[in-house]
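Since the structure comes first, as structure tokens, the remarks are kept for the end.
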Amino acid sequence: MMKKSAQKRSSAGSHRSARSQSKRWSADVTRNSDALDLEDSVFNKRKPEDIARSLKRSALQSRRRKGTPFQSAMSMLTFYINRAGKNLSQSRRHTLDRAKDELRKVFRRPA
């Protein structure tokens, strides 16, 4: 039985430590996800209605999504809320939760 040699990971071209990179993986997912091609700063909008409409537009226009437009939009919003977690202020969290309800409205889905 032959042993496989351990492969070393190349750090060439990487200026961040492994710990730093692991902390930023969710930002990379948000930018490069196959779920949606998002508009810039969509999650920074103040009104839940604006967030929902932007997500709907992105979901309908995106050719990279795997599920239905509603599924992709809702999953991206939920992903953002979950990854931001304790760093969200209570008012921001409330706005994003209301954006979920608005997203259901714009896609004409029951609550």
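A compact table of results
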| read-out | value |
| --- | --- |
| Yes/no for Arg19 being modelled with pLDDT under 60, of a type outside the set (S, T, N, Q) and either assigned to a helix (DSSP H, G or I) or under 12 Å from the mean Cα position of the chain (by Cα) (or both) | yes |
| Members of region 61-94 that are of a type in the set (Ser, Thr, Tyr) and either farther than 18 Å from Lys47 by Cα or surrounded by fewer than 17 Cβ atoms within 10 Å (Cβ to Cβ) (or both) | Ser62, Thr68, Ser72, Ser75, Thr78, Ser89, Ser91 |
| Residue check for Ala99: in a helix (DSSP H, G or I) and among the small types (Gly, Ala, Ser) | yes |
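The values are calculated or read from the model by the stated rules, or taken from the named source; none is laboratory data. As the structure is a computational prediction, the values presented were derived from the model and not from experiment. Note that each Cβ is placed from the backbone with ideal geometry, even for glycine, and that neighbours are counted across all protein chains shown.
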